[in-house]
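See below for the structure under consideration.
The values are calculated or read from the model by the stated rules, or taken from the named source; none is laboratory data. Small disclaimer: the values here were computed from a predicted structure and weren't measured. Neighbour counts are summed over all protein chains in view; Cβ atoms, including those assigned to glycine, are modelled from backbone coordinates with ideal geometry.
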């Protein structure tokens with residue numbers, strides 16, 4: 001009898017220790033660092049793990065730019081055939097940008113990733129047609145969305161980081177198969193997804209808010225019930241999106257919001273306005289540039305529902321509050337700031 005109790009006790013102790021080990025493996029060990037971003041005693045703090053920050057700095061190093069050449073000689077659109085974008089660049093600086101894009105996007109595959117090297121003017125490869133539109137998208141961001149990117153801007157490297165396909169793209173998520181009949185619809189909840197940090201919140205907050213323009217704001221501005229009919233279900237979707245923002249920028253809620261009143265713009269940080277424009281910029285890029293490329297992408301590049309790959313906050317930010325920690329590359333590539 002005692003032997004049985006001892007075995008049971010040992011098994012229980014082992015399972016308990018295993019459970020504790022699993023729990024602690026999911027936590028971050030101290031020390032942590034905090035940065036005060038508001039008045040004392042208001043919990044307006046950013047919390048950082050210095051070990052994560054060290055990894056992020058290593059992952060966000062900016063490549064050395066090729067030196068820009070004097071703008072002399074013939075124009076690319078005159079010397080080369082089928083140059084539809086950047087046609088007014090000198091041949092030297094046009095070639096310099098092409099070499100840079102190769103480094104940023106396809107360092108292993110080289111020029112042949114986008115070009116038929118036997119006929120550089122040929123548009124047969126889908127990658128060339130996509131790249132052309134992506135250059136126009138970068139110019140559009142730098143020229144028309146300064147409300148979000150300011151003078152820092154973006155280049156192809158901001159998203160691609162040496163990969164032909166950016167590491168952080170997304171597709172419309174159909175979710176798991178739902179039972180028919182009178183089964184309750186889960187409203188996207190309780191199906192853990194990385195985009196919502198494996199929480200019970202809706203697994204695809206990106207489609208309604210970063211492709212479509214559903215209303216994100218759910219918090220009432222008055223204490224008593226009134227005309228605000230936002231439901232808890234709607235609030236779940238908003239909070240799932242907020243988790244995506246937090247993960248993408250590596251920040252807390254207080255990076256944009258005041259702890260006293262999340263909805264009050266007058267008490268919010270300046271970054272909230274930057275984020276407001278960023279949401280609209282991402283929608284613009286998805287609907288005006290990426291969704292229309294659906295017919296250009298091959299089936300292997302489309303999502304489960306046949307949609308084009310799209311961008312979100314993580315595509316550029318990749319875990320830090322400013323992409324590449326705010327280092328600007330466009331000062332070396334002014335041709336990427338001009339919208340044609």
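Within the stretch 247-266, how many residues turn out to be within 19 Å of residue 206 (Cα to Cα) and without any contact (Cβ under 8 Å) to a residue 12 or more places away in the chain?
The number of residues fulfilling the criteria is 1.
Tell me yes or no: at least one residue of the stretch 225-233 is out of contact with any helix residue (DSSP H, G or I) (no Cβ under 7 Å at 6 or more places or on another chain) and touching a residue at least 60 places away in the same chain (Cβ under 8 Å). Give the derivation first.
Of the residues in the stretch 225-233, the ones out of contact with any helix residue (DSSP H, G or I) (no Cβ under 7 Å at 6 or more places or on another chain) are 225-233.
Restricting the remaining residues to those that are touching a residue at least 60 places away in the same chain (Cβ under 8 Å) gives none.
No, the stretch 225-233 has no match at all.
Only one of (1) touching a strand residue (DSSP E or B) at 6+ places or on another chain (Cβ under 8 Å); (2) farther than 22 Å from residue 241 by Cα fails for residue 310. Which number is that?
Every listed condition holds for residue 310 apart from (2).
Would the stretch 210-223 turn up any residue that is modelled with pLDDT of 95 or more, buried (at least 16 other Cβ atoms within 10 Å of the Cβ) and assigned to a helix (DSSP H, G or I)?
For the stretch 210-223, residues modelled with pLDDT of 95 or more, buried (at least 16 other Cβ atoms within 10 Å of the Cβ) and assigned to a helix (DSSP H, G or I): present.
Would you pick out the residues in the stretch 210-224 that are in contact with a strand residue (DSSP E or B) (Cβ under 9 Å, 6 or more places away or on another chain) and under 13 Å from residue 237 (Cβ atoms)? Walk me through how you get there before you give the answer.
Within the stretch 210-224, the subset in contact with a strand residue (DSSP E or B) (Cβ under 9 Å, 6 or more places away or on another chain) is 210-211.
Listed by number, the list holds a single entry, 210.
So how many residues does the stretch 267-324 have that are within 15 Å of residue 150 (Cα to Cα), part of a loop (DSSP other than H, G, I, E, B) and free of Cβ contacts under 8 Å to residues at least 60 places away in the same chain?
Residues flagged as within 15 Å of residue 150 (Cα to Cα), part of a loop (DSSP other than H, G, I, E, B) and free of Cβ contacts under 8 Å to residues at least 60 places away in the same chain within the stretch 267-324 amount to 0.
From the list 324, 293, which one is modelled with pLDDT of 95 or more, more than 12 Å from the chain's Cα centre (by Cα), surrounded by 15 or more Cβ atoms within 10 Å (Cβ to Cβ) and not assigned by TED's automatic domain parsing to the domain that holds residue 196?
Only one candidate passes the filter, namely 324.
Kindly check whether there is at least one residue in the stretch 58-75 that is assigned to a helix (DSSP H, G or I), touching a residue at least 24 places away in the same chain (Cβ under 8 Å) and surrounded by fewer than 15 Cβ atoms within 10 Å (Cβ to Cβ). Steps first, answer last, please.
Pass one, the stretch 58-75, residues assigned to a helix (DSSP H, G or I): 58-59.
Cutting the leftovers down to touching a residue at least 24 places away in the same chain (Cβ under 8 Å) gives us 59.
Next cut, surrounded by fewer than 15 Cβ atoms within 10 Å (Cβ to Cβ) only: 59.
Scanning the stretch 58-75 turns up at least one residue that is assigned to a helix (DSSP H, G or I), touching a residue at least 24 places away in the same chain (Cβ under 8 Å) and surrounded by fewer than 15 Cβ atoms within 10 Å (Cβ to Cβ).
Which helices (runs of 4 or more DSSP H) sit wholly inside the stretch 86-199 and have at least 3 residues that are buried (at least 18 other Cβ atoms within 10 Å of the Cβ)?
Working: elements: 91-105, 126-144, 146-149, 156-160.
Answer list for the stretch 86-199: 91-105, 126-144, 156-160.
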